[in-house]
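Input: a single structure, listed below in structure tokens.
Taken together, the values in this text are just the output of simple stated rules run on the coordinates, not laboratory data. Please read all numbers here as calculations on a predicted model, not as lab measurements. Backbone-built Cβ (ideal geometry, glycine too); neighbour counts: all protein chains shown.
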Amino acid sequence: MKLCIIGSRGHYGYVFEEIGRFPEVEIIGISTGCADDVSRLMGDCQRAGASPIIYEDYLKMLDELRPDAVVINGPFALHAQMTLEAMGRGIHLLCEKPIALALDDLDRIEAAYYKTEGIVLMSMVGLRYEPGFMAAWKKLQEGAIGKVKLIHTQKSYKLGNRPDYYKSREAYGGTIPWVGSHALDWIYWFSGSDFGSVLASHSMEDNFENGELEIAAQCQFQMKNGVQASASIDFLRPPGSPTHGDDRIRVAGTRGVIEVIGGRVTLLDDKGEHEIPLSADPRLFSDFVGQIQGTSKGLVSAKDTFNLTRACLIARESADTGQLIHF
């Protein structure tokens, strides 16, 4: 399987975590898709034993090399264009989230996808595959907490020194679509339901001189199956914190509560509190390859990608306008 990589701004590291498991996958070309330095991406390729051709023009790369699959991590504002270009050439794609920063671009992608036969399209919701969240979700599928009623999620990151494109809404897209996408994906995944409505807020105040970057956000969702859900999103984790992120979920049901905090999973039910063993499989890149090869049904579908992206963009609109929005 021939693979190309466009860009190095996102989580393309998922590829290199697992590519050693797939000797049949060959990285044949790379391009930043913009004026970014390609050396870091090239170094990762070389450490993985790959010697790809470097292209300044990613479209020329796709046309000349005709890869089977492409990984998209270019400028956030170009995700939609890059996705459409890959789909138009019949190329499977794994794209950084969100795959679009505007609803009309998302509509174009969705329409193009359903006119294309056999394309695998996934967004990089890699935190679904983290052992703690995977273990909690599997326990939920067993009925461990009964009927899900309430979900709360948290995404808290260190701000650090962000590149300039984070300071522009047009280039960055917003903290709800970027950081919050994981929290919204957990809500969608754990609730087993489409989104019904959202009321959100966000703030750029006290953002340490980072232009239009929202430093904090809150989202309240009503899911179509009646589940109430919330997401707390921020860049306020102190520099001295032991980890870059603090990812959490609490899911309350009619027969118990399951929580993931610091990678540890606990179940509280009528027998008391229990720690749940972690679950390490599957992983994101292997799931992507498996879908292409027909050996995996896939944990993240194209429909999931479209629904999550739409939820991120509508939640951002709610935060911009202060209005409750129905999906």
Which whole-number percent of Cα pairs in region 2-119 have a distance greater than 19 Å? 42
Using the Cα centre as the reference, give the magnitude of the dipole from point charges on the C-beta atoms of the chain (Lys, Arg: +1; Asp, Glu: -1; all else neutral), rounded to the nearest 20 debye. 840
Counting only residues 5 or more apart in sequence or on a different chain, those whose built amide H sits under 5 Å from that of Arg237 are Tyr157, Lys158, Leu159
Could you tell me which of rounded, prolate or oblate describes the chain, using a ≥ b ≥ c as the square roots of the eigenvalues of the alpha-carbon gyration tensor, with rounded for a/c under 1.5 and, failing that, prolate when a/b is larger than b/c and oblate otherwise? prolate
Pair Arg40, Thr295: separation of 7 Å Cα→Cβ label points (nm): 3.1
Projecting the Cα atoms of Val15, Gln81, Leu93 onto the charge dipole of region 2-119, where Lys and Arg contribute +1 and Asp and Glu -1 at Cβ, the residue farthest towards the positive end is Val15
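In whole Å, what three semi-axes, largest first, describe the equivalent ellipsoid of region 85-235 built from its Cα gyration tensor (square root of 5 times each eigenvalue)?
They are 25, 24, 15 Å, listed from largest to smallest.
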Just in region 77-143: which GluC sites (Glu not before Pro) are loop by DSSP and have at most 15 other Cβ atoms within 10 Å? Glu117, Glu142
Across Lys115/Lys147; Lys97/Lys167; Lys2/Lys97; Lys97/Lys149, pairs whose alpha-carbon gap is larger than 25 Å: Lys115/Lys147; Lys97/Lys149
Total charge dipole magnitude, region 140-181, about the Cα centre, Cβ charges on Lys, Arg, Asp, Glu only, Debye to nearest 20: 140
Paramagnetic reach from Arg89 in region 32-63 [backbone N under 17 Å; point 7 Å along Cα→Cβ]: 32-34, 52-63
Cβ-derived FRET efficiency at R0 25 Å, Leu236 paired with Ser168, nearest 0.05: 0.75
Label zone at Ile325 (point 7 Å along Cα-to-Cβ), backbone N below 14 Å, region 63-107: 100-107
With 10 angstrom as the radius, rank Leu3, Leu103 by how many other C-beta atoms surround their C-beta, starting from the fewest. Leu103, Leu3
Name the GluC sites (Glu not before Pro) in region 174-214 that are in a loop by DSSP and that have at most 13 other C-beta atoms within 10 Å, would you? Glu205, Glu209
